[in-house]
Amino acid sequence: MVNLSGLVTESRNPETMNLDEMTPFEIASVMNKEDGKTIKAVEQVLPEVAEAISQCTRSLEMGGRIIYIGAGTSGRLGLLDAVECPPTFGVTPNVVIGLIAGGKKAFSKAVEGAEDSPVLGIRDLKKIHTNEKDTVIGLAASGRTPYVIHALRYAKKIGCSTIAIACNKDSLIGQEADLAIEVISGPEVLTGSTRLKSGTAQKLVLNMISTGSMVGIGKTYQNLMVDVVQTNQKLVTRAENIVIAATECSRQNARAALDEAGGSVKTAVVMILLGSNAEKAEECLRLANGHVRYAIQNV
């Protein structure tokens, strides 16, 4: 039998002992109050999150990847963050990868027993040819999921940088990783339901890691997503709006620059700011390793 005693994520919340007697408004109110504790808990681990951002940035700069690996809610959150990176930052789907115990089908339906396997996590990492350039981030609210423990152990053995994100102190996955991020937001409103505060905590940390590392490799200018991929009409308009915001040009000039730049927002911005053609802008970006700010400063 698995021993869950002593885990904060499995303990009962004294604020919700009468949850089944609460009105809808009382339920919403207590959940909102408890969620506020999650924000404060994340604040306590910001130094560790900053180190994770730095490590992931280094991996990406070396041509490595960010690989999330988890089970259940934790695995789904990793997948969710990974799939949002290509449209937001213009990276390929192979740059930020989400692995979940039981495979992608487990995103919508639980795969019984997968998270308890000591070999499936290793197999999943081998399948995507994980190597020493990659950063592997293990996700488990409990901090004790075998799928994640053994995956982190393997990743560290082959030279990867490893990070663990858990919601209990002194977690087993934290002991396996180079860096442990342990967000202690307290007992769940619904006892043991780690899709609630624990899930929120993990999502907040993942937001910071992926966004921060993408900023680090030049995927933004100011606070604008200058590598956004224009996959629908909304994003076509957003691309124009980004160029306008970055350069204070007219929409007509933004559209013309984007057309000349082959749809690249980043190139269009540099073209307008430098008064250059697309070829010159692309060369400046290349010399600046894709950072718009450096590209326009170093001319």
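The values are calculated or read from the model by the stated rules, or taken from the named source; none is laboratory data. Everything numeric here is computed off the predicted structure, so don't read it as measured data. As a convention, Cβ positions derive from the backbone with ideal geometry for all residues, glycine included, and neighbour counts pool all protein chains shown. All accessible areas refer to the heavy atoms of the entire protein, side chains included, with ligands and DNA or RNA removed. Shrake-Rupley method; radii C 1.70, N 1.55, O 1.52, S 1.80 Å.
Here K133 meets the list (1) part of a loop (DSSP other than H, G, I, E, B); (2) within 19 Å of the chain's Cα centre (by Cα); (3) crowded, with 18+ Cβ neighbours inside 10 Å almost entirely, failing just condition (3). Of all residues in segment 216-273, those satisfying the criterion of being in contact with a Lys or Arg (Cβ under 7 Å, 6 or more places away or on another chain) and not hydrophobic (A, V, I, L, M, F, W, C) are Y221, D227, E240.
Residues of segment 10-27 include at least one that is farther than 27 Å from T145 by Cα, without any contact (Cβ under 8 Å) to a residue 24 or more places away in the chain, open to solvent by 80 Å² or more (accessible area, probe 1.4 Å) and assigned to a loop (DSSP other than H, G, I, E, B). Among the residues of segment 251-277, just one is open to solvent by less than 20 Å² (accessible area, probe 1.4 Å) and outside any helix (DSSP H, G or I), namely A261.
None of A101, A52, A41 is touching a strand residue (DSSP E or B) at 6+ places or on another chain (Cβ under 6 Å), open to solvent by less than 30 Å² (accessible area, probe 1.4 Å) and either touching a residue at least 40 places away in the same chain (Cβ under 8 Å) or among the basic types (K, R) (or both) except A52. Considering only segment 232-250, I want to know if a residue exists there that is modelled with pLDDT under 95 and assigned to a loop (DSSP other than H, G, I, E, B). The answer is yes, given that some residue of segment 232-250 is modelled with pLDDT under 95 and assigned to a loop (DSSP other than H, G, I, E, B).
It is to be established whether one or more residues within segment 282-295 are in contact with a Ser or Thr (Cβ under 8 Å, 6 or more places away or on another chain) and either open to solvent by 30 Å² or more (accessible area, probe 1.4 Å) or of a type in the set (S, T, N, Q) (or both). Yes, segment 282-295 contains at least one residue that is in contact with a Ser or Thr (Cβ under 8 Å, 6 or more places away or on another chain) and either open to solvent by 30 Å² or more (accessible area, probe 1.4 Å) or of a type in the set (S, T, N, Q) (or both).
The set of residues in segment 136-148 being more than 26 Å from M31 (Cβ to Cβ) and open to solvent by less than 20 Å² (accessible area, probe 1.4 Å) consists of V136, I137, G138, Y147, V148. Checked against (1) closer than 15 Å to I67 by Cβ; (2) in contact with a helix residue (DSSP H, G or I) (Cβ under 8 Å, 6 or more places away or on another chain); (3) among the hydrophobic types (A, V, I, L, M, F, W, C); (4) without any contact (Cβ under 8 Å) to a residue 60 or more places away in the chain, I149 passes all but a single condition, namely (1). Scanning segment 155-170 for residues that are surrounded by fewer than 21 Cβ atoms within 10 Å (Cβ to Cβ) and assigned to a helix (DSSP H, G or I) yields K156, K157.
Yes or no: I181 within 20 Å of A50 (Cβ to Cβ), modelled with pLDDT of 95 or more, touching an Asp or Glu at 6+ places or on another chain (Cβ under 6 Å) and buried (at least 21 other Cβ atoms within 10 Å of the Cβ)? Judged against the criteria, I181 is a match. Would you call I163 touching a residue at least 24 places away in the same chain (Cβ under 8 Å), among the β-branched types (V, I, T) and within 30 Å of R286 (Cβ to Cβ)? For I163, the condition - touching a residue at least 24 places away in the same chain (Cβ under 8 Å), among the β-branched types (V, I, T) and within 30 Å of R286 (Cβ to Cβ) - is not met.
Can you tell me which residue within segment 56-98, out of those that are among the polar types (S, T, N, Q), under 13 Å from the mean Cα position of the chain (by Cα) and surrounded by fewer than 20 Cβ atoms within 10 Å (Cβ to Cβ), is modelled with the highest pLDDT?
Within segment 56-98, the subset among the polar types (S, T, N, Q) is 57, 59, 73-74, 88, 92, 94.
Narrowing the set further to residues that are under 13 Å from the mean Cα position of the chain (by Cα) leaves 57, 74, 88.
Now restrict to residues that are surrounded by fewer than 20 Cβ atoms within 10 Å (Cβ to Cβ): 57, 88.
Values: T57: 98, T88: 92.
Selected residue: T57.
Report, by residue number, each residue of segment 149-172 that is under 22 Å from Q44 (Cβ atoms) and β-branched (V, I, T). Within segment 149-172, T162, I163, I165 qualify.
Considering only residues that are open to solvent by less than 90 Å² (accessible area, probe 1.4 Å) and either out of contact with any Phe, Trp or Tyr (no Cβ under 7 Å at 6 or more places or on another chain) or part of a loop (DSSP other than H, G, I, E, B) (or both), look in segment 104-115 and name the one that is nearest to Y68 (Cα to Cα). Outline the logic, then answer.
Of segment 104-115, the ones open to solvent by less than 90 Å² (accessible area, probe 1.4 Å) are 106, 110-111, 113-115.
Checking which are either out of contact with any Phe, Trp or Tyr (no Cβ under 7 Å at 6 or more places or on another chain) or part of a loop (DSSP other than H, G, I, E, B) (or both) leaves us with 106, 110-111, 113.
Values: A106: 15, A110: 18, V111: 18, G113: 19 Å.
Looking at residues that are open to solvent by less than 90 Å² (accessible area, probe 1.4 Å) and either out of contact with any Phe, Trp or Tyr (no Cβ under 7 Å at 6 or more places or on another chain) or part of a loop (DSSP other than H, G, I, E, B) (or both), I get A106.
Could you tell me which of the residues I173, I128 is crowded, with 24+ Cβ neighbours inside 10 Å and not small (G, A, S)? Exactly one residue qualifies, and that residue is I173.
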